[in-house]
1. Determine whether region 86-102 contains at least one residue that is at pLDDT 90 or above and over 13 Å from the mean Cα position of the chain (by Cα).
2. Of all residues in region 140-155, count the ones that are of a type in the set (D, E, K, R) and open to solvent by less than 40 Å² (accessible area, probe 1.4 Å).
3. Of all residues in region 88-136, which are surrounded by 18 or more Cβ atoms within 10 Å (Cβ to Cβ), outside any loop (DSSP other than H, G, I, E, B) and among the small types (Gly, Ala, Ser)?
4. In this structure, does residue 158 turn out to be in a helix (DSSP H, G or I) and open to solvent by 50 Å² or more (accessible area, probe 1.4 Å)?
5. Give 44, 15, 22 a once-over and let me know the one that is in contact with a Gly (Cβ under 6 Å, 6 or more places away or on another chain) and under 13 Å from residue 120 (Cβ atoms).
Amino acid sequence: MPVFTPIPHDAVVAAVLTLRDAIAAGDWRPDTIVGIGRGGLVPAVYLSHAIDVPMRSIDLSARDSNAVTQAGLAALAARSRAGERLLFLDDINDSGRTIAFVRTALAAADGDAANVRFATLIDNSRSAERVELAARTIDRDVVKDWFVFPWEAVASSDSIAADAAEVPDRIA
């Protein structure tokens with residue numbers, strides 16, 4: 001049985017502010033925040049306000065590659081080709097599947113990789129994909145907790161457990 005670790009709201013706000021500060025200290029500033037739904041939507045709204053740039057969203061799960069998602073990513077790829085800097089934000093980079101899906105779709109639509117970055121509240125150092133910004137880094141070989149963000153806390157325990165069980169290596 002996994003250990004469910006709630007992430008309190010104030011920790012989410014602190015993580016967003018950490019990302020804000022990293023952006024301010026860096027030499028690359030996004031023109032648009034793109035929240036990856038579901039988990040990245042709430043942090044994306046917060047970060048959008050924190051750095052005063054617009055926010056867009058994509059409805060995406062690594063196991064869901066529908067045509068609407070593909071069209072949305074193609075439109076974002078066109079924006080990156082036109083010079084718009086896009087920061088994709090998700091709650092956690094665990095296996096890397098979601099980020100790989102987005103990168104692959106953007107590349108297939110001729111997106112400009114120089115205008116695309118990824119950020120997460122939590123980054124797994126063992127992930128197959130890297131992010132440019134993370135508020136916190138974990139090692140899934142050590143940390144097996146399943147993080148429950150405030151927007152997930154209203155879900156049933158069974159639903160949370162089912163999400164956690166999708167990739168057993170993360171929590172076993």
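1. No, because not a single residue in region 86-102 is at pLDDT 90 or above and over 13 Å from the mean Cα position of the chain (by Cα).
2. The total comes to 1.
3. Listed by number, the residues that qualify are 105, 119, 134, 135.
4. Taking the combined requirement at face value, the residue satisfies it.
5. So the residue among 44, 15, 22 that is in contact with a Gly (Cβ under 6 Å, 6 or more places away or on another chain) and under 13 Å from residue 120 (Cβ atoms) is 44.
The values are calculated or read from the model by the stated rules, or taken from the named source; none is laboratory data. All figures in this text were calculated on a predicted structure; none of them were measured in a lab. Glycine gets a Cβ as well: all are built from the backbone with ideal geometry, and neighbour counts include every protein chain shown. All accessible areas refer to the heavy atoms of the entire protein, side chains included, with ligands and DNA or RNA removed. Shrake-Rupley method; radii C 1.70, N 1.55, O 1.52, S 1.80 Å.
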